Amino acid sequence: MSNALLKVKNLHARADGKDILKGLDIEVQPGEVHAIMGPNGSGKSTFGNVIAGRESFEVTEGQIEYLGKDLLELSTEERACEGIFLAFQYPVEIPGVNNTYFLKTALNSIRRYRGEPELDSMEFLKLVKRKLSVLHLKDDLLKRAVNEGFSGGEKKRNEIFQMAVLEPKLAILDETDSGLDIDSLKAVADGVNRLRSEDRAIVVVTHYQRLLEYIVPDRVHVLADGKIVRSGGKELALQLEEQGYGWVQSA
Amino acid sequence: MSLYEQAVALAPVDRLVWASQWRQQAISALQSVSLPSARDEDWKYTTLRSLERAQLVTAPRQASNDAVSLPASFAGRTLVFVDGHYDTSLSDSSAIDDLDVTALSAIESDPQFDNWLGKLPEGNAESLATLNTAMMTDGVLVRVGATVADPIAVVFLSNGSTERALPSSFVRNIIQAESGAGVSIVEFHASATAGKSLSHSWTQLNVEKGATVELSRMYAHGEAAQLVTRLDAELAASSTLRLHNLDVGGKLTRHDINVELKGEGANLLIGGAYVADGRSHIDQHHRVDHRVPNCTSNDVFRGVVAGKGRAVFNAKAIVHPGADGTEAHQNNANLMLSRDSEVDTKPELQIHADDVKCSHGATIGQLDETAMFYLRTRAIAEADARALLTEGFCTEALQTITDESTRVWFTQALATKLRGQST
């Protein structure tokens, strides 16, 4: 018996009429940090989208068990309420929707689902101000529309900020390092590291080893053509960096 | 019954007696006009055919306090009209004592309003304006000579009926901002009771040199109400008019907005949002005339259509010969949430001058799937996510309301409508 937080077995998924995941297996325990690495087109982003429940991705075979439940039975928002968080590779700009209002709606949806009392505006503001200071973000972020006019770095930091407020059990960071300069990368990694805890698992999906210097994973998996083709410790990431993906794909 | 017969039967000749001359002139003018039809270019998409057979009657003039649902946060004075008649008990007593703001019915001696009430547009397309002058019972007069700190709300309530006859009301509003004055006014139109009704309102506005007027109008009638409005504004040199329209109710709505930019350096903003859901039909017709150089006009509308709702947007800016240095922009963007909804949008520019900066654009789109997914991954349920996105989309066109308590009121009314919206 395992007490796995997430157990994915033989996962097949397709989008736009194309098979992308072709038998993916992975198991994540609470408190662990996993990295999924792979070349472009290997199915990395599809993995995050399928776990989060995007309807345009169709699961054709396999199972996903999360906290002992059949994840595929749950809607996107139910998954979020159950503690799944996806940090987007391209966070969406939502003009006209205030960041604070958006986050308060999100947090209160989760609290309602769990039978906890909703936070009023004052309580919520106190909470977010605390989280902002931890992530070294400015207050004015709260007054702006969601991601509108944010720089690439601000968008990614805003994703981690949302994660800090929503406190998920399983966070999937989809190429959170892409498009970041070294300072932003460090800030994002620092934010993620502060959120590591015994009962929270984090899956870092990335093309490059660079981010893993700052967020050190417990396990590294290599994804190629829709399957995990190799798994190992953190040293696997370094090996990939030196030898390239060709080495595992031909293996 | 023809419009003329209706007017003869129903015109309130004992009201506003100082305006009798104009009322009689309008009644006789009705002999030679009929309701606009699809043959009139400006009425291509909106029909008033149901009025042809309707028998107009006066409405009961009574409403409860609950019907005046202004938010507690609204900071201004309030005047209330029920079925076209000023209601002292529902209004702030302070409002009427003020020389700046009064009900037309409170005016006793002839106020010499020939310029306002003597104006009768001709032709079938304008026949309801003529009917207004024949049938008007009351309205508000705002005449300010300085800057007024708090906004003024004018509430128009209409009672509905399920009987055959159609309760109708006709109001006339006159707003005059004298040189250098500044004022913020809200017109709030709603149903006092459910059922069908016809409300016509005509607002005339004069913004003198250097004056600034902010006029924000909300229409939140019940689903069987019909509403036709007209607004005529004249802007003198270096004056500013910020006009906002929010449509969140009604079965049939038609707005005609005509603005003349007559003095150099005048600025006009027309902004607004509409939600046409269920079976509602909302038609915006705007005409802006740039008569002199160096004026600006911006017309920015956002709309949501859902269910079997239909929206019409036709905004025309005419840059007359000699109006060099004009800046005129029009933009209408729509979200279509259902297959059975319809949008007919036509921003138009006619340019007869040189050295102008003009643009127009219209879009019709659907909700962005990625944005919906993004919100749902943040635990926001599908219906709430849809409401949040549509709200964000529309609300931008109301952010230009500068009076804060008005802006909050309007954006909240829009949010409430979108959250309960039927698709």
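The values are calculated or read from the model by the stated rules, or taken from the named source; none is laboratory data. Since we're looking at a predicted model, the values are computed, not measured. No Cβ is skipped: glycine too gets one built from the backbone with ideal geometry, and neighbour counts run over all protein chains shown. Side chains are part of the model used for accessible areas, which takes the heavy atoms of the whole protein and leaves out ligands, DNA and RNA. Shrake-Rupley method; radii C 1.70, N 1.55, O 1.52, S 1.80 Å.
Taking the condition of a type in the set (Ser, Thr, Tyr) and open to solvent by less than 50 Å² (accessible area, probe 1.4 Å), does A:Ser56 pass?
Working: of a type in the set (Ser, Thr, Tyr): yes; open to solvent by less than 50 Å² (accessible area, probe 1.4 Å): no.
No.
If only one of B:His189, B:His200 is under 23 Å from B:Gly118 (Cβ atoms), at pLDDT 95 or above, surrounded by 22 or more Cβ atoms within 10 Å (Cβ to Cβ) and under 15 Å from the mean Cα position of the chain (by Cα), which one is it?
Step by step, each of B:His189, B:His200 is checked, and only B:His200 is under 23 Å from B:Gly118 (Cβ atoms), at pLDDT 95 or above, surrounded by 22 or more Cβ atoms within 10 Å (Cβ to Cβ) and under 15 Å from the mean Cα position of the chain (by Cα).
Quick one: what pairs do we get from segment B:102-116, first residue without any contact (Cβ under 8 Å) to a residue 60 or more places away in the chain, second open to solvent by 50 Å² or more (accessible area, probe 1.4 Å) and in a helix (DSSP H, G or I), C-beta under 7 Å, 6+ apart or different chains?
none
Restrict the check to segment B:123-141 and report whether at least one residue is surrounded by fewer than 21 Cβ atoms within 10 Å (Cβ to Cβ), part of a loop (DSSP other than H, G, I, E, B) and not hydroxyl-bearing (Ser, Thr, Tyr).
Checked against the condition, which is being surrounded by fewer than 21 Cβ atoms within 10 Å (Cβ to Cβ), part of a loop (DSSP other than H, G, I, E, B) and not hydroxyl-bearing (Ser, Thr, Tyr), segment B:123-141 yields at least one hit.
As an exercise: evaluate A:Ser133 against (1) assigned to a helix (DSSP H, G or I); (2) over 20 Å from A:Asp183 (Cα atoms); (3) open to solvent by 50 Å² or more (accessible area, probe 1.4 Å) and give the number of the one condition it does not meet.
A:Ser133 satisfies all of (1) assigned to a helix (DSSP H, G or I); (2) over 20 Å from A:Asp183 (Cα atoms); (3) open to solvent by 50 Å² or more (accessible area, probe 1.4 Å) except (2).
So for segment A:55-63 (the condition being free of Cβ contacts under 8 Å to residues at least 60 places away in the same chain, under 15 Å from the mean Cα position of the chain (by Cα) and within 10 Å of another protein chain (Cβ to nearest Cβ)), does at least one residue qualify?
Among the residues of segment A:55-63, not one is free of Cβ contacts under 8 Å to residues at least 60 places away in the same chain, under 15 Å from the mean Cα position of the chain (by Cα) and within 10 Å of another protein chain (Cβ to nearest Cβ), which makes the answer no.
Within segment B:377-412, can you find the residues that are touching a residue at least 60 places away in the same chain (Cβ under 8 Å), open to solvent by less than 40 Å² (accessible area, probe 1.4 Å) and in contact with a strand residue (DSSP E or B) (Cβ under 8 Å, 6 or more places away or on another chain)?
Correct list: B:Thr390, B:Cys394, B:Thr395, B:Ala397, B:Leu398, B:Ile401, B:Asp403, B:Thr406, B:Trp409, B:Phe410.
When segment B:413-423 is examined, which residues are found to be in a loop (DSSP other than H, G, I, E, B) and either surrounded by fewer than 19 Cβ atoms within 10 Å (Cβ to Cβ) or β-branched (Val, Ile, Thr) (or both)?
Listed by number, the residues that qualify are B:Gly420, B:Ser422, B:Thr423.
I'm told A:Glu116 meets every condition in (1) within 14 Å of chain B (Cβ to nearest Cβ); (2) free of Cβ contacts under 8 Å to residues at least 12 places away in the same chain; (3) in a helix (DSSP H, G or I) except one. Can you identify the failing condition by its number?
(3)
Checking the condition over 28 Å from B:Lys308 (Cα atoms) and hydroxyl-bearing (Ser, Thr, Tyr), which residue from B:Thr253, B:Thr240 passes? Talk me through it step by step, then tell me what you get.
On the way: B:Thr253 fails: over 28 Å from B:Lys308 (Cα atoms).
So the residue among B:Thr253, B:Thr240 that is over 28 Å from B:Lys308 (Cα atoms) and hydroxyl-bearing (Ser, Thr, Tyr) is B:Thr240.
Please determine whether any residue of segment A:160-168 is touching a strand residue (DSSP E or B) at 6+ places or on another chain (Cβ under 9 Å), among the polar types (S, T, N, Q) and more than 14 Å from chain B (Cβ to nearest Cβ). Break it down stepwise before answering.
First pass over segment A:160-168, keeping only residues touching a strand residue (DSSP E or B) at 6+ places or on another chain (Cβ under 9 Å): A:160, A:162-163, A:166-168.
After this cut, where a residue has to be among the polar types (S, T, N, Q) as well, the list is A:162.
From what's left, more than 14 Å from chain B (Cβ to nearest Cβ): none.
No, every residue in segment A:160-168 fails to be touching a strand residue (DSSP E or B) at 6+ places or on another chain (Cβ under 9 Å), among the polar types (S, T, N, Q) and more than 14 Å from chain B (Cβ to nearest Cβ).
Search segment A:90-101 for residues that are facing chain B (nearest Cβ under 7 Å) and pair each with any residue that is open to solvent by 20 Å² or more (accessible area, probe 1.4 Å) and of a type in the set (Val, Ile, Thr) when their beta-carbon atoms are under 7 Å apart and the residues are at least 6 apart or on different chains.
Matching pairs, first to second residue: A:Val92/B:Thr370.
Given the conditions (1) surrounded by fewer than 20 Cβ atoms within 10 Å (Cβ to Cβ); (2) within 13 Å of chain B (Cβ to nearest Cβ), report the number of the one that A:Pro39 does not fulfil.
Unmet for A:Pro39, out of (1) surrounded by fewer than 20 Cβ atoms within 10 Å (Cβ to Cβ); (2) within 13 Å of chain B (Cβ to nearest Cβ): (2).
Give segment B:191-240 a look and list any residue that's within 28 Å of B:Thr416 (Cβ to Cβ) and in a loop (DSSP other than H, G, I, E, B), or say none.
Listed by number, the residues that qualify are B:Ala192, B:Thr193, B:Ala194, B:Gly195, B:His221, B:Gly222, B:Glu223, B:Ala224.
Considering every residue within segment B:211-220, establish whether at least one is modelled with pLDDT of 95 or more, within 21 Å of B:Ala333 (Cβ to Cβ) and of a type in the set (Gly, Ala, Ser).
Yes; the residues of segment B:211-220 include at least one that is modelled with pLDDT of 95 or more, within 21 Å of B:Ala333 (Cβ to Cβ) and of a type in the set (Gly, Ala, Ser).
Starting from residues that are of a type in the set (Gly, Ala, Ser) and under 21 Å from B:Met136 (Cα atoms), keep the ones in segment B:26-49 and report whichever is most open to solvent (accessible area, probe 1.4 Å).
Top of the filtered list is B:Ser32.
For A:Leu127, only one of the following conditions fails: (1) within 14 Å of chain B (Cβ to nearest Cβ); (2) within 29 Å of A:Gly31 (Cβ to Cβ). What is its number?
Failing condition for A:Leu127: (1).
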